[in-house]
Amino acid sequence: HHHVDHATVDKVKAAIAAGHTHAHIPDYETYDKYKNTGGYAALLTLRDDGHWEDVQALIKESGLRGLGGAGFPSGTKWGFVRGNAGPRYLAVNGDEGEPGTFKDRYYLERTPHQFLEGMLIAAWAVEADRCYIYKRDEYPAVLEILRREIAALEQAGLVPEGYIELRRGAGAYICGEESAMIESIEGKRGLPRHRPPYVAQVGLFGQPTLVHNVETLHWITRICREGPEVLNTTEKNGRTGLRSYSVSGRVAKPGVYLLPAGSTITDIIEAAGGMLEGHVFKAYQPGGPSSGLLPASINDVPLDFDTLQPLGSFIGSAAVVVLSDQDSARAAALNMLRFFEDESCGQCTPCRVGCEKAVKLMQADTWDQPLLEELCVAMGDASICGLGQAAPNPIRLVIKHFSDEV
Ligand code: SF4
C-alpha cells in the first residue's frame, strides 16, 4: 500500500505541462554578460589579423597540456592538424565519463562561454569547417545551457547557423576515448580505432580532426585573454601550473578545487575540508579507476602529469577519490575491474576476456597473484586502447600496497 503525495504529483504534472522537464539550470554567465566583460574580443581580434602560430606560441609558453587525461602539449596538435588538407574538423570531448570526474561540468555550469570562445579560437587556428561537441546525456543542465548559448552565438553572428553541432553521448565510458568518440559522432558503435593513422590525419569522416577536452579550451581562452602567466607563474614542489582536481569520497567538502599542479594528496584533502568526521585517511584513487589506488603513506608526491608513472599510476583527468579506514582497498579494486568489464567495448580479447577473468579471480578469498600478474601482462601488452592497457593498475597496486587484504 503506497502513500501518494498528491501535492507533489500535482507539482510534477504542472511542471511537465509547462515544459519544465529539465534539470534545474544553475545561474551561469550568459552571452550578454560575458560579452559585456570583454568576452569574444580575443576571438574577434584573432579572426581580424591574428596568426595562429602566435597563439600556439602563447599556449606553449603557458605550459597548457591536454586536460582530458592524456596531458599532450595543447598547441602542438594544431600544427599536425593544419599539416593535412581540409576540410578539417574540431571535435570537443565532453564525455567526462571517468568515474569521479566532474570538472568539465563545473566549468560549463558556470562560465560556458570561456569554453565556447576557446573552442572557436582553436577552430580558427586549424581552419575547422565545423565543430562537434560530444557531451554526455547525463548532464541535462549542461546540454540546455549549451543549446541556449550556441543559439546566442548564432544570433550574434559569431558563427554561421549549424557551425557548432551538439552531439549527445549515450552513456558508454569508452566513447570518451577519442577515436571511439569519433566513431560515435559518425553514428557508429563507439569502438576505439587502431593508431596510426592518428585522428589529426584521419579523424571525423576521414578528415583531419582536432580533438580537445572541455577544460583545455576553457584555458585557451584564459591564456588569450590574461596571458600565459595565468598558468605559468604558479610553482609548487618543482611543478608549474594549475590543476582542477575533482575531489570526492570521504572528504568533508567534495567538489572541484583549482590548485597548484604540485599539490600532494595532503594538500588536496586539506582543500576539500579535511577528512569526514570519524574517518581516517587510508588510500586514494589519483585519477580515475585506471590510475588504481595509492596508499595514504604516499603523500608527498605532486599529483601531476608524469609524477605518478614511476609508482605505476597516473593523474589522468585528476579525479581524486579518497578512501578511509572504513573502506576496503580490495573491494575498491574489484569495483574498478567490474566497471572495466562492463565498459569494455569487447573488440579485443585480452581486454574483453581479461577483465571478466580478473573479476572472477578477484572474488576468491585469496587472490592467485601469479596468475593475476600473468593476466595483467597480457592485458597491458595486447589491448588496443587505454581501457584494457590500464585495467591492470588497480590489481597491481592493491597487491603491492594492500597485500594483507588479498
Ligand atoms: Fe575495446 Fe578494451 Fe580493446 Fe579498448 S582495450 S578497444 S575497450 S576491448
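Yes or no, residue by residue, for (1) buried (at least 18 other Cβ atoms within 10 Å of the Cβ); (2) of a type in the set (A, V, I, L, M); (3) closer than 26 Å to GLY71 by Cβ:
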position: HIS113; (1), (2), (3): yes, no, yes
position: ALA123; (1), (2), (3): yes, yes, yes
position: ALA128; (1), (2), (3): yes, yes, yes
position: GLN155; (1), (2), (3): no, no, no
position: SER179; (1), (2), (3): yes, no, yes
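Any residue in the range 354-374 that's in contact (Cβ under 8 Å) with a residue 24 or more places away in the chain: show its pairings with residues that are surrounded by 21 or more Cβ atoms within 10 Å (Cβ to Cβ) and in a loop (DSSP other than H, G, I, E, B) at Cβ separation under 6 Å, as long as the two are six or more apart or on different chains.
Pairs found: CYS355/SER344; CYS355/ALA391.
Give the residue that is most open to solvent (accessible area, probe 1.4 Å), with candidates limited to residues of the range 304-341 that are at pLDDT 95 or above, within 16 Å of the ligand (Cβ to nearest atom) and closer than 30 Å to TYR257 by Cα.
Selected residue: ARG338.
Quick one: how many residues across the range 359-403 are within 16 Å of the ligand (Cβ to nearest atom), within 28 Å of SER297 (Cβ to Cβ) and within 26 Å of the chain's Cα centre (by Cα)? Working first, answer last.
The initial filter retains those residues of the range 359-403 that are within 16 Å of the ligand (Cβ to nearest atom), namely 359, 375-395.
Now restrict to residues that are within 28 Å of SER297 (Cβ to Cβ): 359, 375-377, 379-380, 386, 389-395.
Then keep just the ones that are within 26 Å of the chain's Cα centre (by Cα); that gives 359, 376, 379-380, 386, 389-395.
Residues flagged as within 16 Å of the ligand (Cβ to nearest atom), within 28 Å of SER297 (Cβ to Cβ) and within 26 Å of the chain's Cα centre (by Cα) within the range 359-403 amount to 12.
Step by step: first the residues of the range 210-228, then only those that are of a type in the set (D, E, K, R) and either without any contact (Cβ under 8 Å) to a residue 12 or more places away in the chain or surrounded by 23 or more Cβ atoms within 10 Å (Cβ to Cβ) (or both), then the one that is nearest to VAL55 (Cα to Cα). Which residue is that?
So in the range 210-228, the residues of a type in the set (D, E, K, R) come out as 215, 222, 225-226.
Subset that is either without any contact (Cβ under 8 Å) to a residue 12 or more places away in the chain or surrounded by 23 or more Cβ atoms within 10 Å (Cβ to Cβ) (or both): 215, 226.
Working: GLU215: 17, GLU226: 13 Å.
Top of the filtered list is GLU226.
Give me the pairs, please: first residue somewhere in the range 289-315 and polar (S, T, N, Q), second residue anywhere and open to solvent by 50 Å² or more (accessible area, probe 1.4 Å), beta-carbon distance under 7 Å, and either six or more positions apart or on two chains.
Going by the 7 Å Cβ cut-off, the qualifying pairs are SER291/PHE314; ASN299/THR266.
Residue-wise test of (1) over 21 Å from PRO87 (Cα atoms); (2) more than 16 Å from the ligand (Cβ to nearest atom).
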| residue | (1), (2) |
| --- | --- |
| VAL126 | no, yes |
| ALA141 | yes, yes |
| TYR163 | no, yes |
| ALA180 | no, no |
| GLY187 | no, yes |
| VAL202 | no, yes |
| GLY206 | no, yes |
| HIS218 | yes, yes |
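The values are calculated or read from the model by the stated rules, or taken from the named source; none is laboratory data. It should be emphasised that the depicted structure is a prediction, and the values quoted were computed from it without experimental measurement. Virtual Cβ from ideal backbone geometry, glycine too; neighbours counted across all protein chains shown. Accessible surface areas use protein heavy atoms only, side chains included; no ligands, DNA or RNA. Shrake-Rupley method; radii C 1.70, N 1.55, O 1.52, S 1.80 Å.
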